[in-house]
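The values are calculated or read from the model by the stated rules, or taken from the named source; none is laboratory data. Small disclaimer: the values here were computed from a predicted structure and weren't measured. Here the Cβ is made from the backbone with ideal geometry for all residues, glycine too, and neighbour counts use every protein chain on show.
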Amino acid sequence: MSVTPLHAAPPGPSNDPVRRKKFLVVIDDSPECASAIHYASRRALHTGGHVSLLYVIEPPGFMHWISVQKVMQEEAQAQAEAVLYEAAAQVNRIAGLLPEFVIREGKRRDELLALLKDDPDIRILVLAAGTGKSGPGPLVSSLAGQLSGSLPIPITVVPGNLTTAQLDELA
């Protein structure tokens, strides 16, 4: 199930043939997510682009009680909004930009691929690789590996251990 954008940056003129360039960041609770936000924000600032933040609410397992499921969905929605507002504050501090929010429900990879199909203005997907023993993370592994040749846009994978000065230099 898809949820419409919570907050969208002002759209361009509808008759404008030039598409807006969006840098998409998938928001999660990983420490390296801040690196992806920083890099995407600086690239958008330097190239006249925009930042779009995607948060995917993973569906809970089977629920016996509809009322419990509804409460869980409301809590998940509130959590998604809170996380996105914090990420938006980071984008604003870094680049002075107001990002677009997109909240979707489903499997993270599936919803990301659906969003890439739905939004032709997304030009670059920015992910940050984990630095722990478990590897770069399941989304980075899947998208930069198996699916990379079938994606409609390039992926930028930012090392999660770079300093803000290093990210600024790269962006």
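Checked against (1) free of Cβ contacts under 8 Å to residues at least 12 places away in the same chain; (2) within 25 Å of residue 129 (Cα to Cα); (3) surrounded by fewer than 14 Cβ atoms within 10 Å (Cβ to Cβ), residue 47 passes all but condition (1). Taking the numbered list (1) at pLDDT 95 or above; (2) more than 26 Å from residue 109 (Cβ to Cβ) in turn, residue 86 passes all entries but (2).
Against the definition (under 17 Å from residue 122 (Cα atoms), modelled with pLDDT under 85 and out of contact with any Ser or Thr (no Cβ under 7 Å at 6 or more places or on another chain)), how does residue 8 come out, yes or no? Reasoning before the result, please.
On the way: under 17 Å from residue 122 (Cα atoms): yes; modelled with pLDDT under 85: yes; out of contact with any Ser or Thr (no Cβ under 7 Å at 6 or more places or on another chain): yes.
In short, yes.
The residue of the stretch 109-152 that is farthest from residue 22 (Cα to Cα), among those that are free of Cβ contacts under 8 Å to residues at least 40 places away in the same chain and outside any helix (DSSP H, G or I), is 133.
Output the residues belonging to the stretch 122-138 that are modelled with pLDDT under 80 and surrounded by 15 or more Cβ atoms within 10 Å (Cβ to Cβ). It would help to see each step written out before you state the result.
Going through the stretch 122-138, the residues modelled with pLDDT under 80 turn out to be 132-138.
Result: 136, 137.
Restricting attention to the stretch 85-105, report how many residues are more than 23 Å from residue 169 (Cβ to Cβ) and crowded, with 16+ Cβ neighbours inside 10 Å. Summing the residues that are more than 23 Å from residue 169 (Cβ to Cβ) and crowded, with 16+ Cβ neighbours inside 10 Å in the stretch 85-105 gives 7.
Residue selection: residue 95 fails the criterion of being closer than 22 Å to residue 140 by Cα, of a type in the set (A, V, I, L, M, F, W, C) and touching a residue at least 12 places away in the same chain (Cβ under 8 Å). Does the stretch 82-95 contain at least one residue that is aromatic (Phe, Trp, Tyr), more than 21 Å from residue 167 (Cα to Cα) and part of a strand (DSSP E or B)? So far as the stretch 82-95 goes, no, none of its residues is aromatic (Phe, Trp, Tyr), more than 21 Å from residue 167 (Cα to Cα) and part of a strand (DSSP E or B).
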